[in-house]
Each structure stands twice: as C-alpha cells, then as structure tokens.
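One structure below.
The values are calculated or read from the model by the stated rules, or taken from the named source; none is laboratory data. Not measured: the values here are computed from a predicted model. So basically every Cβ, Gly included, is an ideal-geometry build from the backbone, and we count neighbours across all protein chains shown. Each accessible area value is taken on the protein alone, full model and side chains, heavy atoms only, with ligands, DNA and RNA left out. Shrake-Rupley method; radii C 1.70, N 1.55, O 1.52, S 1.80 Å.
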Amino acid sequence: DNELLPPSQRMPSQTEKEGTGPLDRKHLLDHLKKQAQNSKVGEDYVPFIPKSKPKVEEEQKEEVVKKPKDVFSNEFDDILNELDEEDIAELASELGMHGLLNQAQSRGDPGASLKTKCTPKPTIDYDYDPPQSTDLLEAITSLEDNDPYLTELNLNNHSLITSQHIFQILDALKTNTYLETLSMANVSLDDRHTSSLAEALRENEMLKSLNLESNRLTITGLKAVIKALADNSSLKEIRLANQIARGGHRVEADIAKMLENNTTLLKFGYAFTSNGPRFQVEKFLMRNTDM
C-alpha cells in the first residue's frame, strides 16, 4: 500500500450504486433537513414550527438592606456621651481599637487630641532671574570705544538683541583690549555669525571666558568656532552646550581633535554623548592645566 495515496484510491469500492455526480454540499444539507422535519419518531411527535422563543420576565427581587449591628447597646450611649477625649482614647486603647488613636495617643502623650492637626507646608519663594536690564546700545558703544571699565558683559536672554547687534559686538570684540568675560546665551546666534566670531577669537588677546549656550549653531558653525580656538591664546573657558546641532561619535571625535592644538583652554562646556572623545578632551584640558 502506498501511504501517500488517499483512502479512496487505496481501498476497493464497497458500494454497488453508480455515482450521481460531484458532491453538492448545500443540496445534501437541505435534503437531510427536509427528511428530519418530515420524519415522525415516537408517540409524542410534535411537528417543527419555526418561531422565536418568548422572553421570560424575571421577577424583581427585593433588596434586603442589612442594618449594621450596634457595637454598644443603647444603655451605654449616655455614658459615652459624657466622656471626654482623654477617657475615650484610654477606653479605645484598653479595647485594642488602635485605629481610633493617633501616634501621640498611642504613646500616651499628655494632652493628645483625637482631632488630626493639618499643618500646611510653608511656601518657598524661589529666586527667579530678573529680566535682562543691560542697556544694549550703551554696552555696544562702550565695547566699540574700548572702555577700560567694561571688563564683563552679560547679554544672556536679552529680548532686544538682533542679528545686527551681534555683528556689531563681534566686530568690536576684535580690537577690544579690556573685556574679559562675555555671556551671550540664548540670543539666537547662528551660523551666519560664526565667521565674525572665529575672526574675533583669532584676533582678541584679552577675552578669558565666553558663554554661547542655548543658541542655534549647527555642526558646521560649531566646528568653525572650535577650529578658531587653535589660534587663540587667551581664552580659559568656553561654553557651547545646548545647540541645535546633534552630532554623533564622528563629530565629537573631530571636535576633540581640533582642541588638541589649543594650549590655554581649561574648561570646555559641551555635552558629549561618546566616552572616547570626552575622555580625550579631558586629557587635553588637564594638560593645559599642568602647563
């Protein structure tokens, strides 16, 4: 016998009737259903009549509301009403009803009350940064005039600064010999200003700290600024974190390589995502510190 053949081809025919044609499943089911409905089986035969089953309405059951049992009988009501808080707390402690007691009553502190005292937390007054009050035009004029009293300029979050003002500040920075700290965080400085900024970093010999955080520098602009640090001999700290540039390991490796030629930088504010370039930059900064 070949097991791969269907049973109809392995077994000989066991009927003497001739075939009536291919199988018609619907016709066969209709025929069997008709025979079942017309057949009379048993003495209690009831003919099949198609109809929907009637809905049986359920009787509404009355809800039985159980009343809570009285813990104390009515004869103790008058006695309990005459007790003060200390007596009730002592009675609850003797009966083991510690859920009615607070921590002070559980310890037996004198004068402890059943009433819970809610003490509000004192409000905390946060010291928010005041709005930028630096006179922008006066600061730019002092910077251009090389004012010896202007050694620190903070323009962070200045709402009135424009792109033209940034160009004026960078152009004045090229020849200024007194400014040591310049902060220009969140002033919308972008790649259009990087050429003037790089030139200012190469020519200025007095600036020691520069903050350019939270601006709009891309990877191209960021590299242009860092590349100019190789020719700068005065800057000790620069902050470039939180830009729109999102560089990966290769970009951060290029940044680290550019900082190798700088010998004065001691602090570099940038959020590295790769350990290799970050450790390399830290090594260069430690080298500059030891020099």
Of the candidates Asn232, Ala256, Thr273, the farthest towards the positive dipole end of segment 196-291 (Lys/Arg Cβ +1, Asp/Glu Cβ -1, centred on the Cα centre) is Thr273
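Give the accessible surface of segment 150-291 per residue, rounded to a whole number of Å², with probe radius 1.4 Å and ligands, DNA and RNA excluded.
49
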Whole-percent carbon and sulfur contribution to the accessible surface of segment 135-247 (1.4 Å, no ligands, DNA or RNA) stands at 44
Net charge (Lys, Arg +1; Asp, Glu -1) of residues whose beta-carbon lies under 12 Å from that of Val281, Val281 excluded, is +1
Charge tally for neighbours of Asp254 with beta carbon under 10 Å away, counting Lys, Arg as +1 and Asp, Glu as -1, is +3
By the Cα gyration tensor axes a ≥ b ≥ c (a/c under 1.5 gives rounded; else a/b larger than b/c gives prolate, otherwise oblate), the shape of segment 142-269 is oblate
Applying the gyration tensor rule to the Cα atoms of segment 178-222 (axes a ≥ b ≥ c; rounded if a/c under 1.5, else prolate if a/b exceeds b/c, else oblate), the class is oblate
Given unit charges at Cβ for Lys, Arg (+) and Asp, Glu (-), the dipole magnitude of segment 161-218 about its Cα centre in debye, nearest 20, is 60
Gyration tensor on Cα atoms of segment 155-199, a ≥ b ≥ c root eigenvalues, a/c under 1.5 rounded, else prolate if a/b beats b/c, else oblate, says oblate
